[in-house]
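**Q** Pasting a structure below so you can have a look.
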Amino acid sequence: MTAKKIPLLDVRNLTVEFKVQDGLVRAVNGLSFKVYDGDIIGIVGESGSGKSQSMLAIMGLLAGNGKISGSVKFMGQELVGISTAKLNKIRGDKMAMIFQDPMTSLNPYLKISSQMTEVLMLHKNMSYKDALAESIKMLDRVKIPDAKNRVHLYPHEFSGGMRQRVMIAMSLLTKPKLLIADEPTTALDVTVQAQILELLRDLRKEFGMTIIFITHDMGVVANLCDRVNVMYGGWLMETAAIQIIFKNPIHPYTQALLATIPSLDHDVDKLKTIPGEPPNLLQLPAGCPFQERCSQVSAACTQNIPLRRVENRHVVKCANSNGVAL
């Protein structure tokens, strides 16, 4: 009998709320998913869908007015409710995150050498000399030209693409088991974007990393990821292997996202868009949050909708779908 595979990251019923002046914002609603060793998982959705907040919650980096409930187990250890001291031993060592804007993520007052060596001196107890040598080696690995000299420059002396490579290098210094990348290619041109995606693929093979890649771009997901979680209004709408999502998308929101990708096979006069606006998280409608923008809406969409398993590891939250309720 084959032993059951244990997930590297097991998220169950994760809920994230923010208390604001106008009320309670529910940014993430009962999110559950698993990530296994070596996976590259894409998390896709429009702005406000809960992608980044769910990952910040996992990392323990929510804003002061944020509240988390549910369970997040990483390598079998529960992260929700553990002390900051214990979490700090995991963050930056076994788990790392590349943030969306490298210019605001890097300290503009410190040289790259100071920021990179600090990571290794803190987590690996290296001397400054050894940490500097390892930092230069990692900058070389992410293809920073003349790394030996450029490591002593300030962030503003690098281009946007080079700063993003520095952020990737910093996150890989401790060779983490899990790397979370929060839209790291959004502000980059398409050529540099392709280089960064290729770099992540290579590094995954070299270091045996598991990657969670947050994006709003289904095209990026197709080029990089093994699986995809589609989120909307803080809910998980659909999850499946990447080939299944592109071949047989079931949720109308997933279908709408895919329809916005321009086709190279047909000439189009006008790009497709999703009509309407994302929901107000202070006043989410009962039932499916996508119902006001959905072309397939029915009376059942206003009721509580369970996640349904359509086939192995293909799960959808839609009242009009077949499948077994979870």
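The values are calculated or read from the model by the stated rules, or taken from the named source; none is laboratory data. Note that the structure is a prediction, hence the values are computed from the model and not measured. Methodologically, a virtual Cβ is constructed for each residue, glycine included, from the backbone with ideal geometry; neighbour enumeration extends over all protein chains shown. Remember, those area values only see protein heavy atoms, side chains included, never the ligands or the DNA or RNA. Shrake-Rupley method; radii C 1.70, N 1.55, O 1.52, S 1.80 Å.
**Q** Taking the conditions exactly as written (open to solvent by 20 Å² or more (accessible area, probe 1.4 Å), under 25 Å from T210 (Cα atoms) and of a type in the set (V, I, T)), does I136 satisfy them or not?
**A** yes
**Q** Right, here's the next one. Go through (1) open to solvent by less than 50 Å² (accessible area, probe 1.4 Å); (2) more than 16 Å from D217 (Cβ to Cβ) and name the single condition K247 misses.
**A** Condition not satisfied by K247: (1).
**Q** Being among the basic types (K, R), part of a helix (DSSP H, G or I) and either within 30 Å of G30 (Cα to Cα) or open to solvent by less than 50 Å² (accessible area, probe 1.4 Å) (or both) narrows it down to one of K73, K129, K89, so name that one. Walk me through how you get there before you give the answer.
**A** On the way: K73 fails: part of a helix (DSSP H, G or I); K129 fails: either within 30 Å of G30 (Cα to Cα) or open to solvent by less than 50 Å² (accessible area, probe 1.4 Å) (or both).
Criteria check complete, one pass: K89.
**Q** Now a separate question. Does I196 satisfy the criteria of being surrounded by 14 or more Cβ atoms within 10 Å (Cβ to Cβ), closer than 30 Å to F74 by Cα, among the hydrophobic types (A, V, I, L, M, F, W, C) and modelled with pLDDT under 90?
**A** On the way: surrounded by 14 or more Cβ atoms within 10 Å (Cβ to Cβ): yes; closer than 30 Å to F74 by Cα: yes; among the hydrophobic types (A, V, I, L, M, F, W, C): yes; modelled with pLDDT under 90: yes.
Considered against the rule, which asks whether it is surrounded by 14 or more Cβ atoms within 10 Å (Cβ to Cβ), closer than 30 Å to F74 by Cα, among the hydrophobic types (A, V, I, L, M, F, W, C) and modelled with pLDDT under 90, I196 comes out as yes.
**Q** How about region 140-193: which of its residues are part of a loop (DSSP other than H, G, I, E, B) and of a type in the set (K, R)?
**A** Filtering region 140-193 for residues part of a loop (DSSP other than H, G, I, E, B) gives 142-146, 151-154, 158-159, 173-177, 183-189.
K143, K175, K177, listed by residue number.
**Q** Between residues in region 230-257 that are in contact (Cβ under 8 Å) with a residue 12 or more places away in the chain and residues that are of a type in the set (D, E) and open to solvent by less than 30 Å² (accessible area, probe 1.4 Å), which pairs lie under 9 Å by C-beta distance while being six or more apart or on different chains?
**A** Listed by first residue and then by second, the contacts come to V230/E238; I245/E238; I250/E238; H251/E238; Y253/E238; T254/E238.
**Q** Further, regarding this structure: Could you say whether any residue in region 95-104 is without any contact (Cβ under 8 Å) to a residue 60 or more places away in the chain and either within 24 Å of A241 (Cα to Cα) or loosely packed, with under 14 Cβ neighbours inside 10 Å (or both)?
**A** Within region 95-104 (the criterion being without any contact (Cβ under 8 Å) to a residue 60 or more places away in the chain and either within 24 Å of A241 (Cα to Cα) or loosely packed, with under 14 Cβ neighbours inside 10 Å (or both)), the answer is yes, since at least one residue qualifies.
**Q** Sort out which residues of region 200-214 are in a helix (DSSP H, G or I) and buried (at least 17 other Cβ atoms within 10 Å of the Cβ), and write them in order of number. Talk me through it step by step, then tell me what you get.
**A** Residues of region 200-214 that are in a helix (DSSP H, G or I), as a first pass: 200-207.
Matches in region 200-214: L200, L203, R204.
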